[in-house]
1. What do you get for Rg/Rh over the chain if you use C-alpha atoms and the Kirkwood form of Rh?
2. If the chain between GLN257 and TYR391 were fully stretched, how many nm would it gain, using 0.36 nm times the residue separation less the Cα-Cα distance?
3. Could you report the accessible area of CYS298 in Å², rounded to 10, computed with a 1.4 Å probe on the protein chains as they sit in the structure?
4. Scan the chain and hand back the longest stretch that contains none of the GluC sites (Glu not before Pro) lying in DSSP loops with at most 14 other Cβ atoms within 10 Å.
5. State, to one decimal in nm, how far the label point of ALA377 lies from the label point of PHE89, with both points 7 Å from Cα in the Cβ direction.
6. Enter the angle in degrees (range 0 to 90, nearest 10) between the Cα long axis of helix 282-314 and the first principal axis of the Cα atoms of the chain, meaning the one along which they spread out most.
7. I'd like the accessible area for SER168: 1.4 Å probe, protein heavy atoms, all chains in place, Å² to the nearest 10.
8. To the nearest 10 degrees, how steep is helix 346-357 against the longest Cα principal axis of the chain, on a 0 to 90 scale?
Amino acid sequence: MSMSIITKEPSIMVGGFVLGGAMIGAGMFSLPTIMSGAWFINAIFILLAVCFFMFHSGIYILECISKYGEGTNYFHISKHLLPRWVCYFANISLMFVLYILIYAYISAAGSVIYEAFLLHGITINLKIVFIIFTIILGSTIWWGGAYASRLTSIFLSIKIILFILAFSGLFINAKSTLLFSQTINGESQLFLIPFIFVIIPYAITSFGYHGNVCSLYKLYHQNEWKVVKSCIIGCVLALVIYIFWMIGTMGNLPREQFITIIQQGGNLDAFINSLYTVLNNEYIKTFILWFSISAVFCSFLGVAIGLFDYILASLKFKDNSLGRLKTSFLCFAPPLLLCMFFPNGFLIAIAYAGMAACIWAIICPAFMVLKAREKFAGSGFRVWGGKGLIYAVIAFGIVGISCQLLAQFNLLPIYR
């Protein structure tokens, strides 16, 4: 066998779909609810802006990695390119994002599984669902990453099939009058612009692919431009899917219907029930429910594998049954306990994840690339745009944090 065959790199479409799969998950269910204030046209502009800045912050990580070579990870480059306290703060932010997302996905999984049981006339305690779900999927990660990866692949395949079936039905039934009406409850969509700011932290979470950049750099044998093209494909894929999702949901649910969802905590069961009230097709209802379940399972496994490996390596536990058991406890116990006390925290958890992502996935990569360009002047791969774009990315990250903080203190217009 020739060396050209042995070292053949996968297509950029492979990398693009890997990143798209990382971005498109349970977090997308928060988008129509949180975007209902600004409504469709305004929300499209926010998605485009967030996609632009998240894409560039991700390839800033790529530029930094390229200076240190294959096998480099986020902690390594942050340790070399940031002050020590900033490095640790960035990595704490990364861990916070992973923990809070696991909490969000346990909460979401509980609500949709509970809804699935109700659909068949069975009532079950929600807290028991949380525990069983966490133990079963957590056990696959404890058993070994290969088993969890295979399970993720199965759920991903199911998710893609159900996505097509559910979305086609929603898209066909969407009403353009709901999406593009010049007035919403007597207010023009232009008047709804102040509601766009609360969307930003949620949209940031929905375009979070940054943890996969290191893996793609290794996958493509340090070919930076293949990674960039994969990032473009992944971001565009996620953007298109989100727009279709907004058309399917906002085109079927009147704006005032989202108030009911928000008042019920914004969790998936409330969202799905609201869709049921306007859809007469039992098949579409079933597809949406099972798509929701498969999306949550995929998201949970993807995030949990990352946190599990991070804890195992950081605390230097042995990669045996006992070491993995201790890692599992540290990985899953805190978010599970949080779910017991705050079972309907899906929406707020996604927002806090977006705020923390502003630190480690937006602001820190921009500062790291400034330092890398000083340290490795004129060498290797370099992202376009110069310092102007870097400072714009930093400003965007600060805006994202500010939006979430202002929303928490009720200083932003929020539709509720």
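1. 0.96
2. Length difference between fully extended and current span is 44.3 nm.
3. Accessible area, nearest 10 Å²: 10 Å².
4. Details: sites that count: GLU70, GLU256.
Counting at most 14 other Cβ atoms within 10 Å as exposed, the longest clean stretch of the chain is 71-255.
5. Rounded to a tenth, the inter-label distance reads 2.8 nm.
6. 30 degrees
7. Answer for SER168: close to 50 Å² accessible.
8. The answer is roughly 20 degrees.
The values are calculated or read from the model by the stated rules, or taken from the named source; none is laboratory data. Fair warning: this is a prediction, and the values are worked out from it, not measured in the lab. Note: ideal-geometry Cβ built from the backbone for every residue, glycine included; neighbour counts use all protein chains shown. Please note that ligands, DNA and RNA were not included when accessible areas were found on the heavy atoms of the full protein model with its side chains. Shrake-Rupley method; radii C 1.70, N 1.55, O 1.52, S 1.80 Å.
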